[in-house]
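The values are calculated or read from the model by the stated rules, or taken from the named source; none is laboratory data. Because the structure is predicted, anything quoted here is derived from the model rather than measured. Don't worry about glycine lacking a Cβ; one is built from the backbone with ideal geometry, like all the others, and counts go over all protein chains shown.
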Amino acid sequence: MAGGWTRDGAVNDQIEASITEELERLRARTGPEGESAEVCVDCGEPIPEARRAALPGVKLCIDCQQERDTAFRARPGINRRGSKDSQLK
């Protein structure tokens, strides 16, 4: 595939690098650590014993955790191409 001034395979290399970086970011995520809270740090409701046993270090009740999980969080993307079209999006 013609890539203008780039060498053959440069676009595929960029795609592979993006995928590798995203996988590393996901693998670096850690779960809760330490002692579990008995009450939710957001709403103050008691956290069930079964939840505290299943997830050591949990600090949120199920409802507050679901609310945080479904909240939209925009992440800045990496503009590897630097083309005008990719900067307009």
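Restricting the stretch 43-56 to residues that are part of a loop (DSSP other than H, G, I, E, B) and at pLDDT 90 or above leaves a set whose member that is surrounded by the fewest Cβ atoms within 10 Å (Cβ to Cβ) is Gly44. Considering Arg68, Arg29, Arg7, the condition of being of a type outside the set (Ser, Thr, Tyr) and modelled with pLDDT of 80 or more is satisfied by Arg68 alone. A search for C-beta distances below 6 Å between a residue of the stretch 10-33 that is in contact (Cβ under 8 Å) with a residue 12 or more places away in the chain and any residue that is surrounded by 11 or more Cβ atoms within 10 Å (Cβ to Cβ) and part of a helix (DSSP H, G or I), counting only pairs 6+ apart in sequence or on different chains, returns nothing.
All of Ser36, Ser18 fail the test of being surrounded by 11 or more Cβ atoms within 10 Å (Cβ to Cβ) and modelled with pLDDT under 90, apart from Ser36. For the stretch 21-33, the set of residues classified as in a helix (DSSP H, G or I) and either surrounded by fewer than 10 Cβ atoms within 10 Å (Cβ to Cβ) or among the acidic types (Asp, Glu) (or both) consists of Glu21, Glu22, Glu24, Leu26, Arg27, Ala28, listed by residue number.
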